[in-house]
Structures are given as C-alpha cells and as structure tokens.
Amino acid sequence: MRMLGIETSCDETSAAVVSDTNGTWTIGSNIVASQAAIHTEWGGVVPELASRQHIRDICGVVRAAVDTAKTDLKDIDAIAVTQGPGLVGSLLVGVSFAKSLALSLNRPLVAVHHLAGHIESLFLQHGDLPLPLVALVVSGGHTSLYVVKELGSYVRVGKTRDDAAGEAYDKVAKLLGLGYPGGPIIDKRARDGRDDAVALPSARMTHADRNNPNLKGDLDFSFSGLKTAVLRHVRERTERDGPLTDSEINDISASFQRAAVNALLDRTFEAAERYGALSVGIAGGVSANSRLRKDFADRAARLGFPAYVPAISLSTDNAAMIAAAGLRNFHAGKRAAMDLNADPSLELT
Ligand code: KG4
Ligand code: ZN
C-alpha cells in the first residue's frame, strides 16, 4: 500500500510517500521545506511565523512529494499526519490539510505521534531490527528513552526533567553568538576545539520523578545545569578579558558537546543493559550530531550491542518517518476520525 505522510509539527513542512510491499518499506519521496532561514533572524522558532509559512508551503510540498514518487493523488491508499506533540498552530495546518485530503479522496486517515515517527525512522532505514530495541529519541523538544519490545509498542523508561538536549545545543549556540539552529553549528565548531578545555558538570538523577514514582528516575536526563554552567563560564570569562576568541568558542563548543553526548550515551547504554536490548538506536534531530554518532558506534561495539541511527535526512523532522509510523498504525487497525484534533502535548508513554 502507498501511504502519504504529512509532518508540520515545528518549522519544517514535509510530505512523503512510503510504500510497503510484503512488509518492506520503500521511500518514494521525502520532501522537506525548512523554515530555518525565516526563524534564524529571531534566534529561534516564532510559532506564529511557523504556522503561516506552513500554510504557504503545504500544497506545493504535497504536490512535490506525489510527483517525485511518480504517483498520483488518486493512487494514494491512506494519509498519515502528525497529531502532536508540537506547536499547535503548526500542527493544525497539517491535521486540517490531511483531513481535507482524506475526505476529498475518500481515503482513510491515520494519526501519528511525532516521537513514534522518530523511532520508526530506525526501522525505515534498517528494516526489522532485533527486539527489544532501546531507542533514544533526542531532538529540539524531547530527550526520551523508549523500549520497543514488539513492533508498534513504545514504553518510555526515561526522559528529560528540564531542557531537551537539542534545546541545550540551541541555547548554548545563542549565548556564544552562533545563530539558529545551534546543533549543527556547535557540531562543526566542536571539531576544531579541545573537549577538555572547560570543566563542565554532568547531572545524574538519583531520585524518582514525582510525576512517575513507578520509575526509579535514574534513566532521566537533565540539561539545564550544563547550560547554566556554560553561561557562567562565558560570563566570568568575558567580564574578565573581553569578547571570546574564535578558538575559545571552539573549545567551549567541544567541551559542552562532550558533556552532552556522554550524558546521553550513559543512560542509553544503562537502559540497554537493564532491558536486555538486542539492538540500540538513536533518532531525532540531535542524532545527526557527528560526535554522538561516532561515540555511540564506538561504545556499542565495545559493549557488544548492534547500534543503529537513521540517515541524516531521516534524523531531523521529515514526513517519511510519519508515513512509516502511519503504516505501522494502519496495519494495527488504527484509523482517525474526521474530528481528529491537533494535540500539542500528546504523550507517548
Ligand atoms: O527532530 P528535530 O528536527 O525537531 C524536533 O522535533 O525538535 O530536532 C531539531 C533539533 C534542534 O535543536 C537542532 O539544533 C538539533 O536537532 N540538531 C543537532 C544537529 N542537527 C540538528 N544537534 C546537534 N548536532 C547536530 N548536528
Ligand atoms: Zn522531531
């Protein structure tokens, strides 16, 4: 069957066609219109500008996805759309568009959780992975650990108590004057810096989460302390000796990145051991990070876990992963009704 996926949860308008034949997924197209250039000027995503731009882009992006896949709207079998979480105005553009399309083509509509999409990007890239899979989903809005014991089921075993890792990258980049989005820029600057130049803390959660006392909480993350430590270092240093030099910015980027990557990988492999993982994956925008990818592969090899990451184009927000998760939901018999609404704080637990 041929699934059209639509993703508009943040600042990328994306549409994709993914087909499955005998359980194998094939990407026919994956079109992404990024709004990064619009939001750069403001140092972060401006929700009102984002939803307006989605409205401008959605028709052309869906048309391009259908054309690139060399198919026709009438040959699409079902439509999958991100229901949440994300920016409500942005989500509403995708949800309304998908509902209208499903109604006019008389095709089923499938709702997808954005993080399920990120997790499914691992299966879209690599086919069936040995289960249980422990997956770290790490993006601008989320840093969570999931255990997938069977296909299509996602159990959250850890999450950030404050900032997401991508958010910490973006905030540190902003305070170093490097622009938005910060992840790719810090990634690049860090390559020319010394990662032991600045001593930065790595937080460990030792107490249970008040909101989820069933979990011990020791697989949770916290990035606000790390961000504050960078802020304090930069403030003290600039008050003393004036503006940072380029090589100092590289050193701070490398030191921050080392602390962030270690915090992510420590919990991920702890979860992998604890839940008897037969595969370990990292998905979401930050999984594009070059050091995270390299250290992940090295540690996994050392500890004997098969390790998986999606291609860069499937790491950051895209509709192919939404179409894939939509296929998973569709085959599990899930359908959305025409009263489907966007849910900015939809949970996947
Ligand atoms: O998954 P995504 O595209 O959108 C959300 O669902 O949030 O993730 C975007 C985040 C941003 O915070 C961005 O700075 C970060 O992913 N990111 C990176 C890299 N590329 C994107 N972070 C670190 N290194 C990268 N190379
Ligand atoms: Zn995302």
By the C-alpha gyration tensor axes a ≥ b ≥ c (rounded if a/c is under 1.5, else prolate when a/b exceeds b/c, else oblate), the shape of region 20-120 is prolate
Given 143-156, 116-129, the highest-first ranking by average Cβ count within 10 Å works out to 116-129, 143-156
For the chain, the percent of accessible surface on carbon and sulfur atoms (probe 1.4 angstrom, ligands and nucleic acids excluded) is 51 percent
Check: in the chain the Lys pairs 8 or more apart or on separate chains whose Cα atoms fall under 27 Å apart number 25
Among the DSSP H helices of the chain, those whose Cα atoms extend at least 24 Å along the helix axis and whose mean Kyte-Doolittle hydropathy is 1.6 or higher are 88-105
Between the alpha carbon centres of region 224-275 and region 14-51 the gap in Å comes to 29 Å
Scoring the chain by relative contact order with C-alpha pairs under 8 Å, at least six apart, yields a percentage of 26 percent
With the 1.4 Å probe rolled over protein heavy atoms, the chain has an accessible area per residue in Å² of 43 Å²
Here the convex hull volume per residue of the chain, taken over Cα atoms and given in Å³, is 134 Å³
Given unit charges at Cβ for Lys, Arg (+) and Asp, Glu (-), the dipole magnitude of region 29-153 about its Cα centre in debye, nearest 20, is 220 debye
By the C-alpha gyration tensor axes a ≥ b ≥ c (rounded if a/c is under 1.5, else prolate when a/b exceeds b/c, else oblate), the shape of region 98-167 is oblate
For region 129-208, the dipole about the Cα centre with charges only on Cβ (Lys and Arg +1, Asp and Glu -1), to the nearest 20 debye, works out at 80 debye
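The values are calculated or read from the model by the stated rules, or taken from the named source; none is laboratory data. Because the structure is predicted, anything quoted here is derived from the model rather than measured. When we count neighbours, we look across all protein chains shown, and the Cβ atoms used for this are built from the backbone with ideal geometry, even at glycine. Calculation scope for accessible area: heavy atoms of the full protein, side chains included, ligands and nucleic acids excluded. Shrake-Rupley method; radii C 1.70, N 1.55, O 1.52, S 1.80 Å.
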